[in-house]
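First the structure, in the form of structure tokens, and then the observations on it.
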Amino acid sequence: MIWAAFASEWTKLRRPTLFFSTFLGLAAAASLFVILLFSQARAAGGIVTLHQLAQPDGLVVGVVRAATLLGVVAFGIAAAQVASEYSLGTLRQLLVRQPRRAVLLAGKMLGVITFLLLALCFAAVVALLVAVAAAHGRGVPTSAWFTGTGFADLFRELGDLAIATIGYSVLGMALGQFVRSAVFAVIIGFAWLLAVENILMRIVPGTHYWLPGASILAVASGGAEGVNYGRGLLVGAVYVVVAIAAATAVFVRSDVTA
Amino acid sequence: MVMEQEAARVSELPGGPLAVSTAGLTKRFGDRTVVDDVALAIPAGSVCGFVGPNGAGKTTTIRMLLGLVRPTAGSGTILGGSLAEPATYLPKVGALIESPAFYPQLSGRENLKALARLGRLPLTAVDPVLERSGLLARAGDRYRSYSLGMKQRLGIAAAMLGGPELLILDEPNNGLDPAGIVEMRGLIKSFADDGITVLVSSHLIAEIEQICDFIVMIRAGRLVHQGSVAELRASQQAEFVIAPEHDADRDQLAGLLRQAGYAVTRGQAEEALFVEAPGVGAADLNRFAARNGITVRQLAERTRSLERAFFALTGTTSADVLDGQEMGAIR
């Protein structure tokens, strides 16, 4: 039954406007970060050095730096996919066809998550190709990238990005479920992730340990300043589980009047 | 327990099996009671009109039947499944709820495929319902390019997916031009011919009168009448239209008839009087007028319309419910 809801969700997700804008948008964002990183790299100092880019993880470092942007975009798309069912009124059609609401929500979440993971994979492939071209352009040696260590770094860091994308997607869908408005959900999500958390971290010491955006970003980055990878993974997982439970409880119990 | 007993009593009503039966169905939003103790008993195979003024609770009732809104109290059975477990009967139900709602950027066909996949129906079920609703030629176009009438037809097509035993159509004529309304009438009749029970809510009582053989009337959340349309018509007192030869006699005739105990109202054209005279024939009224020295130019008996029956049963006037709209349209 979840498979039916998943397949139905994918019928909607693969509409050309959403499909191409998401895939090309994420690819463009990741590629832009790679180009900026390679163009700004110096022999010493700056945000990154040419020597650092020549390391085994140099291939993927640009994509990882784009984690916040990729996460925010994933969050927004996920929130909009759930909330728009209310604003369009399509939810009532779906619930007549699949009255088991938890099943419908699970299929929908799986559909959106796989969609965003595929978009992330596409973006990563494009960004990696851009990185190879940019490396040649800046004269950065790439031999270390294509070693066993390089590939291990590549897959580990892309795996972390994928886990973070799942986290952002789930939080986005949960928020979309609560506010039931695509625009409102995206605005709240963006404001929280890009502004509110940063302000909180600056004015309230120690909050970075417990904030959802900071925790998930730590996972995406393989560990961040103040929040190590393990703690980020644990706190992020708690937020994801709570978000799924709360969204399911609200969805199952609420009246659908839209 | 009381609810269960009442549900059982409704299900045992004579006249064959019931497609929909409820007992004590109630919905409150905060302090506001929107649906109050409604006991529906809709026969299987009927085309049932569901009418009531604006805010009467029709859509909330329909949403409860479809599992979209949780009843505050009450129980029910739909196609043999418990109202408390919509998953047991909804696979056999098709519904168009209020305005049709689909994904604007998908084609009509893709929208139906999404629903078919969700309901685990074969995708081959899509084109036949598009054809039946007259949309096959435009099925590949994006939904957002559809006219209001086409959107309504796609809603009907979606409701038909999977061959339902019960169709619940909320205001299916919305947005349709006169030709579309005639088509919709034919479509609904064809559903009945196929043995499908149809519950159709509409603000057009005249339309309901043409297509339905069973009617449910609610007002302010409470059931005021349900039964066959034929029985309702038969239960209504005959009414006479009477016009004196000379207009100057009209007021005198009205006064005399009132003195005799008949209810008299003026016709819209004002030259005629409408007289409710139970147990009296046209000849009696003619004699009555002649005895009082008034010659009658026009005298005819007419059956009261469903619309007037509605007003009589709900204790409303057209002004109460129409809010300035044309006669025959209530919401």
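The values are calculated or read from the model by the stated rules, or taken from the named source; none is laboratory data. No experiment lies behind these values; they were computed from the predicted model shown. Cβ sites come from the backbone with ideal geometry, for glycine too, and all protein chains shown count toward neighbours. The protein model used for the area step is the full one, side chains on, heavy atoms only, and it has no ligands, DNA or RNA in it. Shrake-Rupley method; radii C 1.70, N 1.55, O 1.52, S 1.80 Å.
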Seminar exercise, completed: Under the 7 Å Cα-to-Cβ spin-label approximation, B:Glu301 and B:Asp141 lie apart by a distance in nanometres of 5.2 nm
Problem set entry | A:Arg180, B:Arg222, A:Arg15, ranked by accessible area, largest first (probe 1.4 Å) | B:Arg222, A:Arg180, A:Arg15
Exercise. Cα axis of helix B:250-259 to longest principal axis of chain B: angle in degrees, 0 to 90, nearest 10?
Worked result: 80 degrees
Exercise. When chain A is treated as a GNM, springs tying every alpha-carbon pair under 10 Å, which of A:Ala74, A:Ala243, A:Ala174 comes out with the largest mean-square fluctuation?
Worked result: A:Ala243
Seminar exercise, completed: The lysines whose Cα lies under 17 Å from the Cα of B:Lys113, excluding any fewer than 8 residues away in the same chain, are A:Lys12, A:Lys108, B:Lys151
Exercise. Taking +1 at the Cβ of each Lys and Arg and -1 at the Cβ of each Asp and Glu, which of B:Ala300, A:Ala135, B:Tyr89 sits farthest along the dipole of the protein assembly as shown towards its positive end, judged by Cα position relative to the Cα centre?
Worked result: A:Ala135
For this session: Measure nothing fancy, just the Cα-based angle from helix B:178-193's long axis to the longest principal axis of chain B, in degrees from 0 to 90, nearest 10.
Result: 70 degrees
Exercise. What number in nm² do you get for the protein assembly as shown if you take the convex hull of its Cα atoms and divide its surface by four?
Worked result: 35.8 nm²
Exercise. To the nearest 0.05, what FRET efficiency results for A:Arg156 and A:Ile187 with a Förster distance of 51 Å applied to their C-beta separation?
Worked result: 0.90
Seminar exercise, completed: If unit charges are put on Cβ atoms (+1 for Lys and Arg, -1 for Asp and Glu) and the dipole of region A:2-253 is taken about its Cα centre, the option from A:Gln93, A:Ser221, A:Ala67 lying farthest towards the positive end turns out to be A:Gln93
Exercise. Angle, helix A:2-13 long axis vs. longest principal axis of chain A, Cα atoms, 0 to 90°, nearest 10?
Worked result: 70 degrees
Problem set entry | Surface/4 of the Cα convex hull for region B:85-231, nm² | 9.6 nm²
Exercise. Interface A/B, total buried accessible area with a 1.4 Å probe, nearest 100 Å²?
Worked result: 3000 Å²
Seminar exercise, completed: Between the modelled labels at B:Ala206 and A:Val204 (7 Å from Cα along Cα→Cβ) the distance in nm is 6.4 nm
For this session: Just need the relative contact order of region A:2-253 here, percent rounded to a whole number, with Cα pairs under 8 Å and 6+ apart.
Result: 27 percent
Seminar exercise, completed: Checking B:Pro100, B:Pro278, B:Pro53 against a Gaussian network model of chain B (alpha-carbon springs below 10 Å), the top fluctuating residue turns out to be B:Pro278
Seminar exercise, completed: Under the helix-only model (-39500 (n - 2.57) for each DSSP H run of 4 or more, divided by the residues of chain B), the mean residue ellipticity at 222 nm, to 500 deg cm²/dmol, is -10000 deg cm²/dmol
For this session: Grab the eigenvalues of the alpha-carbon gyration tensor for region A:2-253, scale each by 5, take roots, and send me the semi-axes largest first in whole angstrom.
Result: 34, 21, 15
Seminar exercise, completed: With the dipole of chain B defined by +1 on each Lys or Arg Cβ and -1 on each Asp or Glu Cβ, the option from B:Gly175, B:Ala312, B:Thr124 whose Cα lies farthest towards the positive pole is B:Thr124
Exercise. Heavy-atom accessible area per residue, the protein assembly as shown, 1.4 Å probe: how many Å²?
Worked result: 43 Å²
For this session: Quick one: order A:Thr248, B:Thr88, A:Thr11 from most to least accessible surface, probe 1.4 Å.
Result: B:Thr88, A:Thr248, A:Thr11
Exercise. Taking chain B as a Gaussian network, Cα atoms linked when under 10 Å apart, which of B:Asp247, B:Asp193, B:Asp37 shows the biggest mean-square fluctuation?
Worked result: B:Asp247
Problem set entry | Cα→Cβ-extended label distance, 7 Å offset, between B:Arg291 and B:Arg185, nm | 4.3 nm
For this session: Over the residues of region B:152-257, compute the C-alpha Rg and express it relative to 2.2 N^0.38 Å.
Result: 1.52
For this session: With +1 on each Lys and Arg Cβ and -1 on each Asp and Glu Cβ, and nothing else charged, work out how big the dipole of region A:2-253 is about its Cα centre, in Debye to the nearest 20.
Result: 760 debye
Seminar exercise, completed: Helix-only [θ] at 222 nm, chain A, -39500 (n - 2.57) per DSSP H run of 4+, per residue, nearest 500, equals -26000 deg cm²/dmol
Exercise. Any idea what the dipole of the protein assembly as shown comes to, in debye rounded to 20, about its Cα centre with Lys/Arg Cβ at +1 and Asp/Glu Cβ at -1?
Worked result: 1640 debye
For this session: Please report, in debye to the nearest 20, how large the charge dipole of chain B is about its Cα centre when each Lys and Arg carries +1 at its beta carbon and each Asp and Glu carries -1 there.
Result: 900 debye
Seminar exercise, completed: Length gained if B:Ala87 through B:Ala260 is fully extended, taking 0.36 nm per residue and subtracting the Cα-Cα distance, is 56.3 nm
Seminar exercise, completed: On the accessible surface of region A:2-253, probed at 1.4 Å with all protein chains in place, carbon and sulfur together account for a percent value of 73 percent
For this session: Can you give me the three principal axis dimensions of chain B from its C-alpha atoms, in Å, biggest first?
Result: 77, 52, 38
For this session: In whole Hz, with x marking every Gly and Pro, tabulate ³J(HN,Hα) for region B:217-227 from phi via Karplus 6.51 cos²θ - 1.76 cosθ + 1.60, θ = phi - 60°.
Result: 10, 10, 8, 6, x, 10, 6, 10, 6, 8, x
For this session: Normalising by the residue count of chain B, find the relative contact order in percent from Cα pairs under 8 Å and 6+ residues apart.
Result: 19 percent
Problem set entry | Complex-versus-alone comparison for region B:37-78, residues with a loss of 50 Å² or more in accessible area, probe 1.4 Å | B:Arg63, B:Leu68, B:Arg70
